[in-house]
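See below for the structure under consideration.
The values are calculated or read from the model by the stated rules, or taken from the named source; none is laboratory data. Please read these numbers as outputs of a predicted model, since none were measured by experiment. We place every Cβ from the backbone using ideal geometry, glycine too, and count neighbours over all the protein chains shown.
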Amino acid sequence: MLTFKFILHTFSLVIHYIEMYVHDIEVGTTVCSGTPVVLSETAATAFVDGCNLLGPVSFTYCIKSLLYIKIIILKNLLMMRWHV
């Protein structure tokens, strides 16, 4: 039941924002294609330029980057544990 409510809520948000996204693309405030760019990064943060892409595109890029880094860290920890 909770999952069904979550799906309905997510779907209603998409329907709500789709008109705004289409309008922004037609007007030219956002770009359809491209890739966000990491401008600077530290050990704990990264400054990402979305390059006028839609918010969900930039968000997905950041999440994929975090998951990739997490996998690398876990592999390094497993290798260190193996050698100890």
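Looking across the range 36-54, the residues that are assigned to a strand (DSSP E or B), of a type in the set (A, V, I, L, M) and surrounded by 10 or more Cβ atoms within 10 Å (Cβ to Cβ) come down to Val37, Val38, Ala46, Val48, Leu53. Contact map, the range 18-31: residues that are surrounded by 11 or more Cβ atoms within 10 Å (Cβ to Cβ) paired with residues that are part of a helix (DSSP H, G or I), Cβ distance under 6 Å, separation 6+ or inter-chain. Pairs shown: Thr30/Asp24. Criterion applied to Ser65, Ser33 was being modelled with pLDDT of 85 or more, of a type in the set (Ser, Thr, Tyr) and either outside any helix (DSSP H, G or I) or over 16 Å from the mean Cα position of the chain (by Cα) (or both), and the one residue passing it is Ser33.
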